[in-house]
Amino acid sequence: MKFATTFGASVIDKNSKEYKDGIELGFFLAKNGYIVKCGGYGGLMEAVSIGVKKAKGECIGVTIQKFDEIRLKNPYLTKKITTDNLFDRLKILIQDSKLFIAQKGSIGTLNEIFMVAALKYGKFMPDIRIVLIGKEYKNFNCFDENFLKIVEFYDSVDEFINS
């Protein structure tokens, strides 16, 4: 079994290019044999789950009990794991994955990216692949040279899929 974890916004317009790209990304990952893990809610997490479902793959949503009461439900998951806190959620999202892909997101997405990058940079998980999709990431000026060496940047899902 090989796992890929996706990160992205929990709230996004379903008619947006990013949402449609999320569906395409989920489909691509499932067709390439990945079991996909995501945060388990709406937005890009839902989009990726739709793509995985269309490809007849498996998508595991990892949620937090407190958020389950206030966040949009994701009916496209094949499995849901509910955790007690953010730390346990992130641990399960990271565990066993070799590929991490982040689309557009907010503070939660940044937290996830930085945790995975810290694990790779610190050589705790040296063989993982980290992919950031979106022109916005390239313009985020707080990245130093060391970070730029361990992360791949793509302007779009299409560019990533065709790389």
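The values are calculated or read from the model by the stated rules, or taken from the named source; none is laboratory data. A quick note: this is a predicted structure, and the numbers were derived from the prediction, not measured. Please note: Cβ atoms are built from the backbone with ideal geometry, for glycine as well, and neighbour counts cover all protein chains shown. What goes into the accessible areas is simple: the full protein's heavy atoms, side chains included, and nothing from ligands, DNA or RNA. Shrake-Rupley method; radii C 1.70, N 1.55, O 1.52, S 1.80 Å.
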**Request:** Be a star and scan region 25-57 for residues whose amide nitrogen sits under 16 Å from the point 7 Å along the Cα-to-Cβ vector of ASP13.
**Result:** 43-44
**Request:** Over the chain, with every protein chain in place, what whole percent of the accessible area is carbon and sulfur at 1.4 Å, could you tell me?
**Result:** 54
**Prompt:** Taking the simple approach of a point 7 Å from Cα along Cα-to-Cβ for both ASN85 and PHE124, what is their distance in nm?
**Reply:** 1.5
**Request:** Calculate, axis by axis, the spread of Cα positions in the chain along the three principal axes, and write the results as whole Å, longest axis first.
**Result:** 40, 34, 30
**Asked** Heavy-atom accessible area per residue, region 65-134, 1.4 Å probe: how many Å²?
**Response** 62
**Prompt:** Can you give the relative contact order of region 100-163 as a percent, counting alpha carbon pairs under 8 Å and 6+ residues apart?
**Reply:** 35
**Prompt:** Ordered by residue, what ³J(HN,Hα) values in Hz, to whole numbers, does region 36-43 give under the Karplus form 6.51 cos²θ - 1.76 cosθ + 1.60, where θ = phi - 60° and Gly and Pro are x?
**Reply:** 9, 10, 8, x, x, 10, x, x
**Prompt:** If contacts are Cα pairs under 8 angstrom and at least 6 residues apart, what is the relative contact order of the chain in percent?
**Reply:** 23
**Request:** For MET125, MET1, MET115, MET45, write out the residues from largest to smallest accessible area, computed with a 1.4 angstrom probe and no ligands counted.
**Result:** MET1, MET115, MET125, MET45
